[in-house]
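Q: To start, I am sharing the structure in question, which I have written as structure tokens.
Where a number appears in this text, it was derived from the coordinates with a stated rule and is not lab data. Just so it is clear, the structure is predicted and the values come from calculations on it, not from any experiment. Note that we place each Cβ from the backbone using ideal geometry, even for glycine, and neighbour counts take in every protein chain shown.
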Amino acid sequence: MKPRRKGAKSQPTARHPRKKPTMEAILAERGIVLATLAGIPKRDRRDVEAEVLLNVWNAVRRGLYRPDPRDKPRDALRKWLHGIAWRLASHYVHSAYVRRAVLHPSPLGLLREPVGIDLHAQIEAREVLDAMTELPPWQLEALLSVDDPESLVAYAKRRRMNPSTAASRLRIAREALALRLRRWRRRA
């Protein structure tokens with residue numbers, strides 16, 4: 001192929017008439033798609049196959065299937081399907097997801113707990129933090145005192161209050177937080 005000159009027009013699109021094969025005709029040639037995707041791991045092959053069929057159908061609907069009339073209809077369709085499957089398989093193989101995929105969170109068996117962020121726990125933590133922002137400062141301080149390394153008695157002495165008062169404030173703050181969370185969850 002000769003390199004094009006600067007300013008030269010792009011190559012013309014195919015001048016063959018548009019064809020609209022049915023989805024049944026496309027699915028009948030599913031074997032060529034599966035044969036093209038043979039190098040893709042089994043766990044992802046069905047997803048890539050579905051993506052190929054979706055792209056094929058969208059291309060047919062947009063009128064991009066223009067086979068050469070000199071070819072047999074079945075051969076033309078098979079060549080076209082192979083080309084699309086080949087292109088999408090190439091995209092899959094060279095995607096960052098595949099190149100950086102971790103097949104097992106603990107390949108050496110060193111970690112026993114699941115790796116990653118628990119989405120449900122993250123949402124609950126956000127709800128708790130949002131509910132805590134609505135509490136009065138003394139209740140927030142009482143709740144945060146639980147996280148201190150010192151005991152509740154030491155916390156009370158440092159603030160010059162009776163330990164029973166500190167425990168009572170903590171109980172009231174916990175009840176207020178629980179009430180806020182119940183209200184938040186009912187709204188959602």
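Q: Taking the mean number of other Cβ atoms within 10 Å as a proxy for protection, how do you rank 36-43, 52-59 from highest to lowest?
A: Answer by packing, highest mean first, reads 52-59, 36-43.
Q: Moving on to the next point. To the nearest 20 debye, what charge dipole does the stretch 23-99 have about its Cα centre, counting +1 at the Cβ of each Lys and Arg and -1 at the Cβ of each Asp and Glu? If you can, show how the numbers build up before the last one.
A: Numbers: 15 positive and 9 negative charges, 15 e Å.
Here the size comes out at about 80 debye.
Q: Note down the relative contact order for the stretch 9-83 as a percent, whole number, built from C-alpha pairs under 8 angstrom at least six residues apart.
A: Details: 46 pairs, mean separation 36.2, N = 75.
Answer for the stretch 9-83 is 48 percent.
Q: Rank by packing, highest mean first: peptides 136-149, 82-95, with packing defined as the count of other Cβ atoms within 10 Å averaged across residues.
A: Details: 136-149: 13.2, 82-95: 15.1.
Packing order, densest peptide first, comes out as 82-95, 136-149.
Q: Just want the answer: with Cβ charges of +1 for Lys and Arg and -1 for Asp and Glu, which residue in Ala173, Ala156, Leu129 is farthest toward the dipole's positive end in the stretch 119-187?
A: Ala173
Q: Need one word for the stretch 23-99: rounded, prolate or oblate. Basis is the Cα gyration tensor (sqrt eigenvalues a ≥ b ≥ c); a/c below 1.5 gives rounded, then a/b vs b/c decides.
A: Numbers: a/c = 2.10, a/b = 1.89, b/c = 1.11.
Prolate.
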